[in-house]
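Accompanying notes for the structure given below.
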Amino acid sequence: MESFTKVKLNDQELSLLAASAFGADVAVVSSRELTGGFFNTGYDLELSDGRSVILKVAPGPETAVLSYEKNIMRAEVGALRLVRAAGGIPVPEVYSYDESLQLIPCPYFFMEKIEGEPYSDVKESLSPEQRSSIEYELGRYQRLINEIKGPVFGLFGADPAGGGMAWRETFKAMLLNVLQDAVRLDAALPASLPEIEQALGRYLPALDAVTQPRLVHWDLWNGNIFVQDGRIVSIIDWERAMWGDVLLEYYFRHFENSEAFYEGYGTVFSSPDELLRKRLYDLYLDLIMVIECYSRQYKDENHVNWAHENLAESWKLFSAVTG
């Protein structure tokens with residue numbers, strides 16, 4: 001996916017970053033840009049010392065991004081290190097991280113290259129039994145992630161000193177920030193801002209049941225799950241990690257309906273308040289998928305049209321409940 005936020009590096013810049021991270025005598029033997037991401041730029045590098053590594057490059061500070069996307073590379077590195085230290089969850093090792101902007105005008109980090117393929121690429125070629133096994137395993141890992149407790153609610157990369165609010169106030173602020181992004185970008189939404197804010201009134205009280213900040217990956221869709229030989233070998237792309245409600249996770253969204261995942265997770269969330277929270281988080285994600293089309297200036301018209309149609313359907317269901 002081509003995106004306005006992606007930074008292109010030349011061979012000289014790639015060599016400079018590799019030498020800084022791994023030593024002056026280490027050179028880049030070959031490089032390949034990874035095309036699967038939507039925000040950062042990724043490079044698959046072969047180094048002269050025999051290592052294969054992944055380089056991720058964030059947009060520069062001057063790039064206009066959505067409100068929740070500020071400092072998300074710092075969040076990803078922090079979340080990866082936290083989860084790897086906790087153990088039991090397969091994540092790549094972070095080799096180095098540089099946000100000094102001295103070598104290039106963008107934050108970047110090097111991490112371990114994971115063998116295997118994105119689950120999204122191979123899912124349709126697998127048998128139902130293989131898919132169930134992988135999604136059951138995903139449920140187990142998702143539960144382990146969500147069992148990690150945090151200090152305050154909010155985005156992982158945010159300043160903890162600014163936290164301390166209850167989950168209802170924290171999430172409401174996150175959602176209103178996204179809506180302000182829509183105003184700034186003149187994004188077409190299925191309803192006016194006052195209509196959306198009024199509809200929130202029925203949902204927000206359900207958030208009061210969430211009292212313990214939990215680690216939430218939030219972007220754990222099938223493209224961020226690497227599999228090999230029928231097993232999950234890594235969970236990647238932690239840049240949108242936050243301390244929040246576990247029901248924010250992708251496999252609880254309306255895009256997925258996996259019994260095996262719920263079995264692996266060990267809990268089925270179906271109380272009236274939990275269903276309201278799920279619907280609210282559906283709308284949050286669907287709003288972002290439309291608004292980022294404007295921020296990142298996507299050229300794929302099919303994707304842009306799909307995002308708008310998906311949001312229109314989501315809003316119809318959301319507003320019908322609040323009716």
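The values are calculated or read from the model by the stated rules, or taken from the named source; none is laboratory data. Just so it is clear, the model here is predicted, and its values are computed rather than measured. Neighbour counts are summed over all protein chains in view; Cβ atoms, including those assigned to glycine, are modelled from backbone coordinates with ideal geometry. Heads up: the accessible areas ignore ligands, DNA and RNA and are worked out on the full protein's heavy atoms, side chains in. Shrake-Rupley method; radii C 1.70, N 1.55, O 1.52, S 1.80 Å.
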Q.
Can you list the DSSP H helices in the chain whose Cα atoms extend at least 24 Å along the helix axis and whose mean Kyte-Doolittle hydropathy is -1.0 or higher?
A. 167-185, 272-296, 301-322
(Q) If I take R0 = 22 Å and measure r between the Cβ atoms of Val321 and Leu176 in this structure, what FRET efficiency does the formula 1/(1 + (r/R0)^6) give, to the nearest 0.05? (A) 0.65
Q. Using 7 Å Cα-to-Cβ label points, what is the Glu259/Glu62 separation (nm, one decimal)?
A. 5.6
Q) Taking a probe of 1.4 Å, how large is the accessible area per residue of the chain, in Å²? A) 46
Q) Once every DSSP H run of n ≥ 4 in the chain is given -39500 (n - 2.57) and the sum is divided by its residues, what mean residue ellipticity at 222 nm do you get, rounded to the nearest 500 deg cm²/dmol? A) -13000 deg cm²/dmol
Q | For segment 206-224 versus segment 79-117, the gap between their alpha-carbon centres in whole angstrom | A | 21
Q) Going highest first, how would you order 108-114, 179-185, 249-255 by mean Cβ packing within 10 Å? A) 108-114, 249-255, 179-185
(Q) In 20 Å bins starting at zero, report the fraction of Cα pairs in the chain per bin as a rounded %. (A) 30, 60, 10, 0
Q | Close Lys-Lys pairs in the chain, where close means Cα under 14 Å and separation is 8 or more or interchain | A | 4
Q.
I'd like the distance separating the alpha-carbon centroids of segment 276-309 and segment 185-200, in whole Å.
A. 13
Q. Per the 1.4 Å probe, what fraction of the accessible area of the chain, in percent, lies on carbon and sulfur atoms?
A. 49
Q: Please tell me the relative contact order of the chain in percent, rounded to the nearest whole number, where contacts are Cα pairs under 8 Å and at least six residues apart.
A: 20
